[in-house]
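Encoded as structure tokens, here's the structure I'll be asking about.
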Amino acid sequence: MARLTGKRVLLGVSGGIAAYKSALIVRLLKQMGCDVRVVMTEGAQAFITPMTLQALSGEEVRTSLLDPQAEAGMGHIELARWADLIVIAPATADLMARLAQGMADDLLTTLCLASDAPRLMAPAMNQAMWRHIATQRNLHTLIDDGWQMIGPAAGEQACGDTGPGRMSEPDAISDAVMAHFTPAPPPDSTSRHVVITAGPTREPLDPVRYISNHSSGKMGFALADAAVRQGLNVTLICGPVNQPTPDKVERVDIETAREMDAAVQRLAPQADLFIGCAAVADYRLEAPSTHKIKKTDDSETLTLTLIKNPDIIARVAAMPASRRPIVIGFAAETNEIEHYARDKLMRKGLDMIVANDVSASGLGFGSDDNAAWLLWRSQEGTESEHQPAQSKQQLAEAIIQQALRLSKRSQKSP
Ligand code: C5P
């Protein structure tokens, strides 16, 4: 487990109830071989004592910028230079606001300004504070400044509310640290394989007309690209889209839902992961005309009979265990997103679903950005995580990382 021997992690702890979990984060990082130094804000010390984190890290815990004794040992600038990685967990709304402003009014914010090290942050706060426009503004600033966000997760909160804002679990945070320090292996050195569907399907009415939708394929292509960067072998089955094929991706072009279904049935049983990102037409014409349908003068209407297409992803989810990959679907919703997404997760027998709000302007279909809920099955039923508005590339990274965590978990279970 000690694969990160000698990696120097500066753990910042700010003042939220989740601070008690930072003890476990220190232990996990130490088990992975990291050298860990902890810096606590004043608020953090109301929730957990420096002594606890000192005992676990084996290093003096720093709490004050103006501490002559500590500065005589490792001064704050040296500490900033020492870190290979800064991790803040939990990060409160207040700390996010101060960091977004570039303030240096305590040791932790000063270190963040003084260091060039890469940085991860696990926000934790009440759901209303997380949703507040000011926090969301700060979040975007921090992401633009190079902070990588871990979570927050959603669910029951210490204050009794339910919603997004719960700190991601310590193992998700240590996984993010491991992923940060682990270069993606070259694709050929791994047998892990993901099949992704992307784009729209086209259902012919006659030789010149079809039914389709506005899917651009951007999200599916971003997933393919992110999966390659994580060292996976990628097969992308896509409908008609205007997107360049990412490097090292095997691309299978199809037009109709039935063609997509046939390609998926052929390829998914050999895959470890299946991601259904395509906007598959739910219906097709029962019998497309073999010649162009003519306009007639004797009727103002034209009746077409449509029949249901196969539910491609549900068919993969229903494959026998020996051939079934981990299955991840997408849901585009306009209201009660989590509720409908959870229902779809269960109904289609998926392992995870990525649900996005298609009513929000500038996000989703055709755009470059997206925000989403990730919901997955766990021993407790379901767990979820909110991914705020970000580029489809960034969201794709987060989806692939969570998919790999699920895949790792399923390999562990007998
Ligand atoms: O039922 P709905 O279309 O909302 O479900 C969306 C999810 O199901 C997506 O992952 C999509 O790729 C997949 N899907 C499918 N086959 C269909 C319809 C949807 O694989 N016929």
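Only the coordinates and a few stated rules stand behind these numbers; no lab work does. Model, not experiment: these values are computed from the prediction. Cβ placement follows ideal geometry from the backbone for every residue including glycine, while neighbour counts extend to all protein chains displayed.
Given charges of +1 on the Cβ of Lys and Arg and -1 on the Cβ of Asp and Glu, with all other atoms neutral, how large is the dipole of the stretch 211-271 about its Cα centre, in debye to the nearest 20?
On the way: 6 positive and 7 negative charges, 29 e Å.
With Lys and Arg at +1 and Asp and Glu at -1, about 140 debye.
Continuing with this model, one more query. Based solely on its DSSP helices, what 222 nm [θ] is calculated for the chain when runs of n ≥ 4 H residues each add -39,500 (n - 2.57) and the sum is averaged over all residues, nearest 500 deg cm²/dmol?
About -9500 deg cm²/dmol.
If each of GLU286 and ALA72 carries a label point 7 Å out from its Cα toward its Cβ, how far apart are those two points in nm?
9.1 nm
So how strong a dipole does the stretch 133-280 carry about its Cα centre when Lys and Arg Cβ are +1 and Asp and Glu Cβ are -1, to the nearest 20 debye?
The dipole of the stretch 133-280 has a size of about 260 debye.
So for the chain, taking the charge dipole from beta-carbon charges (+1 Lys/Arg, -1 Asp/Glu), which of VAL61, GLN265, ALA179 sits furthest toward the positive end?
GLN265
Any chance you could tell me what percent of the C-alpha pair distances in the chain go past 35 Å? Present the calculation step by step, with values, prior to reporting the outcome.
Details: 29904 of 85491 pairs.
Tail fraction, whole percent: 35.
In addition: Going highest first, how would you order 196-205, 335-344 by mean Cβ packing within 10 Å?
196-205, 335-344
Mind putting a number on the dipole of the chain about its Cα centre? Charges go on the C-beta only, +1 for Lys and Arg and -1 for Asp and Glu, and I need it in Debye to the nearest 20.
For the chain, the charge dipole is close to 1160 debye.
Please give me the summed charge of the neighbours of GLN157: other residues whose Cβ is under 13 Å from its Cβ, Lys and Arg +1, Asp and Glu -1.
Working: positive: ARG131, ARG166; negative: GLU156, ASP161.
That works out to 0.
I've got another one for you. What does the charge add up to near THR182, with Lys and Arg as +1, Asp and Glu as -1, over the other residues with Cβ less than 15 Å from its Cβ?
So the environment of THR182 carries a net charge of +3.
Each residue of the stretch 325-332 in order: what ³J(HN,Hα) in whole Hz does its phi give by Karplus 6.51 cos²θ - 1.76 cosθ + 1.60, θ = phi - 60°, with x for Gly and Pro?
x, 5, 10, 10, x, 10, 9, 9
Okay, next question. Considering Cα pairs under 8 angstrom that are at least six residues apart, work out the relative contact order of the chain and quote it in whole percent.
11 percent
Neighbour counts of other C-beta atoms within 10 Å: give me VAL177, VAL241 arranged from fewest to most.
Ordered from fewest to most neighbouring Cβ atoms within 10 Å, VAL177, VAL241 come out as VAL241, VAL177.
Right, here's the next one. Kindly count the pairs of lysines across the chain whose alpha carbons are less than 19 Å apart, treating pairs on different chains or eight or more residues apart as eligible.
Total qualifying Lys-Lys pairs in the chain comes to 6.
How would you classify the stretch 39-128 from its alpha-carbon gyration tensor, with a ≥ b ≥ c the square roots of the eigenvalues: rounded for a/c under 1.5, else prolate if a/b is greater than b/c, otherwise oblate?
Oblate, since a/c reaches 1.5 and b/c is not below a/b.
Which residue, chosen from GLY33, GLY43, ALA19, occupies the Cα position most advanced towards the positive end of the dipole of the stretch 1-107, where the dipole is computed from +1 (Lys, Arg) and -1 (Asp, Glu) charges on Cβ about the Cα centre?
GLY33
Using mean Cβ contacts within 10 Å as the protection proxy, how do 114-120, 234-240 order, highest first?
For the peptides 114-120, 234-240, the packing ranking is 234-240, 114-120.
I would also like to ask the following. Based on other C-beta atoms within 10 Å, arrange LYS292, LYS248, LYS348, LYS218 from fewest to most.
Working: LYS292 11, LYS248 16, LYS348 19, LYS218 25.
The fewest-first ordering by Cβ neighbours comes to LYS292, LYS248, LYS348, LYS218.
Further question: Considering only the other residues whose Cβ falls under 15 Å of the Cβ of ILE307, what net charge follows from Lys and Arg at +1 and Asp and Glu at -1?
Numbers: positive: ARG258, ARG284, LYS308; negative: GLU203, ASP261, ASP282, GLU286, ASP311.
Here the count lands on -2.
Amide H of LEU65: which non-local residues (sequence gap of 5 or more, or other chain) have their own amide H closer than 5 Å, using H built in the peptide plane?
Correct list: LEU107.
In which sequence would ASP261, ASP94 go, from the one with the fewest C-beta neighbours within 10 Å to the one with the most?
By the 10 Å Cβ count, ascending, the order reads ASP94, ASP261.
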